[in-house]
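Working notes for the structure below.
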Amino acid sequence: MSGELSLNINIKEPRWDQGTFMGRAQHFFMVTDPRNVLLSSETLEEARVIVQDYRAGVVKPGLTEDELWRAKYVYDSAFHPDTGEKMFVIGRMSAQVPMNMSITGCMLTFYRTTPAVVFWQWVNQSFNAVVNYTNRSGDAPMTVNQLGAAYVSATTGAVVTALGLKSLASRLPPIVSRFVPFAAVAAANCINIPFMRQRELKYGIPVTDENDNRLGESASAAKQAIVQVVVSRIGMAVPAMAIPPVIMNALEKRAFMKVSRITSTKYPSLSFVFSLVFATPLCCALFPQKSSMSVSSLEPDLQERIRQISPHTTTVYFNKGL
């Protein structure tokens, strides 16, 4: 061991208590910080070395505890928790705010014509597919064919759903039609995420005991993980896509808003930018990333295996993904 910093700091777990919503929110504000997208490869590599060396019992000389935690969160923002691989930059959760800000703005602006709906839904679902694959749970690789099939299924299903809602909206009042982008995004998340993570549903995701000892793979855990992620993703869209339509409908009735097209779009734009900054980490915090379920809820064969190799284990843990 070298250096003066204690080796008793558990950087395998978040800095804040994940048993509370506020603790999870603090954690995800760090992980989803948009500024992390701007970090250079050299900075990311330096953080990776600090974290991996510390876990191996080697402390960089002069390293402080705050610097260690900063390196841990830089590492977490760019490297997959199960595989340790560097994640594709636009698939990282730190890219959610700038990417969603751009895509959501376009979806809210260009939602009236069918070609526009198709194009921006395709762009949005392609982005979501990248995010869903990048933040999947487990360490099993997907083949190119599996990934391609999942992408086509996810994006096609989402776009078709959006078109169906678009045709329905034409027969609804204007205020209701403004919610089409949100309804389409919510429905698409219910399609895109399971398709992009279908391998988990088929083969399961790793489950461990409280000491991180791997006990097997569970499809039941994968189902719970995916449901939690779907709920979180829909929640992220609520402030940005469900609130601005109400604001826009009210503002457009004002005379001064009718005069100025720039003013009529400025307030809602600022509204969803502001909401995205907070909605992303707060909705990620709805459920612990290290989720859990009772052994009795697992598949019968896995229950039997756990009883044989770890008879005292009553709860298993798994990475739900983001």
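Taking 56 Å as R0, compute the FRET efficiency from the Cβ-Cβ separation of Ile9 and Leu168 and round it to 0.05.
Values: r = 54 Å, r/R0 = 0.97.
Step by step, r from the Cβ atoms, then E = 0.55.
Return the distance in nm (one decimal) between the two label points of a simple spin-label model at Phe278 and Glu67, each offset 7 Å from Cα along Cα→Cβ.
3.5 nm
Using a 1.4 Å probe on the protein heavy atoms only, what accessible surface does Leu39 show? Give it in Å² to the nearest 10.
40 Å²
At a 1.4 Å probe radius, which order do Lys320, Lys290 fall into by accessible area, largest first? Numbers along the way, then the final one.
Numbers: Lys320 5, Lys290 75 Å².
Result of the area sort, largest leading: Lys290, Lys320.
Ignoring everything but the protein chains, give the 1.4 Å probe accessible area of Glu42 in square angstrom, nearest 10.
Approximately 130 Å² for this residue.
Peptides 46-57, 216-227: what's the order by average Cβ count within 10 Å, highest mean first? The partial results should precede the final answer.
Numbers: 46-57: 15.9, 216-227: 21.0.
Per-residue Cβ counts within 10 Å, averaged per peptide and sorted highest first, yield 216-227, 46-57.
What does the charge add up to near Arg233, with Lys and Arg as +1, Asp and Glu as -1, over the other residues with Cβ less than 13 Å from its Cβ?
Once all neighbours under 13 Å are counted, the net charge is +2.
Under a cut-off of 18 Å between alpha-carbon atoms, report the aspartates and glutamates in cross-link reach of Lys320, not counting same-chain residues fewer than 8 places apart.
In chain and number order, the partners are Glu13, Asp17, Asp76, Asp82, Glu85, Asp139, Glu200, Asp209, Glu210, Asp212, Glu217, Glu299.
Would you mind calculating the gained length between Val238 and Glu85 on full extension (0.36 nm times residue separation, minus the Cα-Cα distance), in nm to one decimal? Walk me through the numbers before you get to the answer.
Numbers: separation 153, 0.36 × 153 = 55.08 nm, distance 3.13 nm.
Contour length minus Cα-Cα distance gives 51.9 nm.
The values are calculated or read from the model by the stated rules, or taken from the named source; none is laboratory data. For clarity, every value in this text was computed on a predicted model and none was experimentally measured. Cβ atoms come from the backbone with ideal geometry, glycine included; neighbour counts cover every protein chain shown. Ligands, DNA and RNA are stripped out before the accessible areas are found, and what is left, the full protein with its side chains, is counted by its heavy atoms. Shrake-Rupley method; radii C 1.70, N 1.55, O 1.52, S 1.80 Å.
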